[in-house]
Amino acid sequence: MIASSAKPMLRTGNTARRAFTLIELLTVIAIIGILAAIIIPTVGKVRNTAQSARCVSNLRQIGQQITLFANDNKGQLPNLSGLTNSAVLDPRIVDRAGGQLAYRLWPYYSGVPVNTGVITPRNVNVHELFICPALESLVRPKIVNGPYPTGAGDQSANSAQSYIINDVQRYFEGSVRYTVFGYQGSPSFNINTIESKLKIPNQAVTLSRVWTLQDGDRTLTDGAASRSGQMSFVAEQPAHGSSRNRGYLDGSVRKLSLKESTES
């Protein structure tokens with residue numbers, strides 16, 4: 001055999017990897033920072049918009065169930081007379097004296113009659129409709145990690161809520177005070193007669209003028225609903241920034257400015 005005399009080819013040129021310079025690294029970091037500054041607020045706004053939309057959906061579904069309840073009870077709205085504070089709209093499904101709205105409306109979103117024994121004072125199940133998505137991290141831990149309050153209107157640390165009921169719009173017949181949901185022992189409204197009973201200055205009274213629930217927080221400063229501002233378990237700031245969602249007896253839901261949402 002004839003040995004090959006071919007010589008191996010030698011690589012020429014600089015074969016070492018070229019590293020990034022400090023200026024290039026700083027440029028890349030600056031670009032990433034700029035993109036983050038643009039994207040992060042956008043993601044936050046998208047998340048807030050989605051949470052507000054789900055909150056509106058909650059209130060709309062609750063409004064539909066309130067209407068169904070009234071239709072089944074000759075126009076009478078659910079009576080929450082056992083509540084001692086308008087902000088205590090607990091999302092747990094329990095049978096307490098005076099009841100919670102989640103309990104009164106249970107058959108309409110579960111399809112199970114309340115007299116089946118499914119609901120007891122020990123049942124602290126939570127239905128998503130009664131928790132504003134923006135307040136999930138505040139509300140759920142407080143109501144899951146402790147016993148149910150000793151009374152329907154108890155302001156214990158284990159109580160928390162997303163929505164407040166309307167105890168501002170009311171009327172009197174003699175010495176009897178009527179409120180939308182019978183707050184503090186009073187009778188509740190009847191949707192068949194409310195238009196002739198309630199008087200709103202300079203406005204025709206319709207079901208679209210009577211609100212039922214809205215977002216609650218400690219910055220409320222006007223009307224009876226301001227009592228929610230005295231409760232440590234209520235959100236410190238509005239859940240949706242510069243607006244609050246409010247449901248009405250006609251089933252509609254409106255996004256109101258913070259000022260509008262303190263007025264009835």
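The values are calculated or read from the model by the stated rules, or taken from the named source; none is laboratory data. From a predicted model like this one, the values you see are computed outputs, not experimental measurements. Because the Cβ atoms are built from the backbone with ideal geometry, glycine has one as well, and the counts that use them run over all protein chains shown.
Could you list, in sequence order, all residues of the range 163-215 that are closer than 17 Å to Phe69 by Cα and of a type in the set (A, V, I, L, M, F, W, C)?
Ile165, Val180, Phe181, Phe189, Ile191, Ile194, Leu207, Val210, Trp211, Leu213
Quickly run through the range 206-232 and pick out the residues that are surrounded by 14 or more Cβ atoms within 10 Å (Cβ to Cβ), modelled with pLDDT under 85, over 18 Å from Ala134 (Cβ atoms) and in contact with a helix residue (DSSP H, G or I) (Cβ under 7 Å, 6 or more places away or on another chain).
Scanning the range 206-232 gives a single hit, Gly223.
Are any of the residues in the range 170-177 part of a loop (DSSP other than H, G, I, E, B) and either crowded, with 19+ Cβ neighbours inside 10 Å or touching a helix residue (DSSP H, G or I) at 6+ places or on another chain (Cβ under 6 Å) (or both)? Break it down stepwise before answering.
Taking the range 170-177 first, the residues part of a loop (DSSP other than H, G, I, E, B) are 174-175.
From what's left, either crowded, with 19+ Cβ neighbours inside 10 Å or touching a helix residue (DSSP H, G or I) at 6+ places or on another chain (Cβ under 6 Å) (or both): none.
Within the range 170-177, none of the residues are part of a loop (DSSP other than H, G, I, E, B) and either crowded, with 19+ Cβ neighbours inside 10 Å or touching a helix residue (DSSP H, G or I) at 6+ places or on another chain (Cβ under 6 Å) (or both).
Please work out which one of (1) among the β-branched types (Val, Ile, Thr); (2) assigned to a helix (DSSP H, G or I); (3) at pLDDT 85 or above is the condition Ile164 fails and give its number.
For Ile164, the failing item is (2).
Can you go through Val139, Val180, Val88 and tell me which one is crowded, with 20+ Cβ neighbours inside 10 Å and either of a type in the set (Phe, Trp, Tyr) or modelled with pLDDT of 85 or more (or both)?
On the way: Val139 fails: either of a type in the set (Phe, Trp, Tyr) or modelled with pLDDT of 85 or more (or both); Val88 fails: either of a type in the set (Phe, Trp, Tyr) or modelled with pLDDT of 85 or more (or both).
Every option except Val180 fails the conditions.
I'm told Val46 meets every condition in (1) farther than 21 Å from Gly216 by Cα; (2) in a helix (DSSP H, G or I); (3) modelled with pLDDT of 80 or more; (4) not aromatic (Phe, Trp, Tyr) except one. Can you identify the failing condition by its number?
Against the list (1) farther than 21 Å from Gly216 by Cα; (2) in a helix (DSSP H, G or I); (3) modelled with pLDDT of 80 or more; (4) not aromatic (Phe, Trp, Tyr), Val46 comes up short only on (3).
So that you can scan it fast, the table gives a plain yes or no per residue for (1) of a type in the set (S, T, N, Q); (2) out of contact with any Asp or Glu (no Cβ under 7 Å at 6 or more places or on another chain); (3) closer than 20 Å to Val210 by Cβ; (4) at pLDDT below 65:
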residue: Thr27; (1), (2), (3), (4): yes, yes, no, no
residue: Ala30; (1), (2), (3), (4): no, yes, no, no
residue: Ser57; (1), (2), (3), (4): yes, yes, no, no
residue: Arg60; (1), (2), (3), (4): no, yes, yes, no
residue: Phe69; (1), (2), (3), (4): no, yes, yes, no
residue: Asn73; (1), (2), (3), (4): yes, yes, yes, no
residue: Arg96; (1), (2), (3), (4): no, yes, no, yes
residue: Tyr109; (1), (2), (3), (4): no, yes, no, no
residue: Asn115; (1), (2), (3), (4): yes, yes, no, yes
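Give the range 183-198 a look and list any residue that's in contact with a strand residue (DSSP E or B) (Cβ under 7 Å, 6 or more places away or on another chain) and either over 21 Å from Leu129 (Cβ atoms) or modelled with pLDDT of 90 or more (or both), or say none.
Ser186, Pro187, Ser188, Phe189, Asn190, Lys197, Leu198
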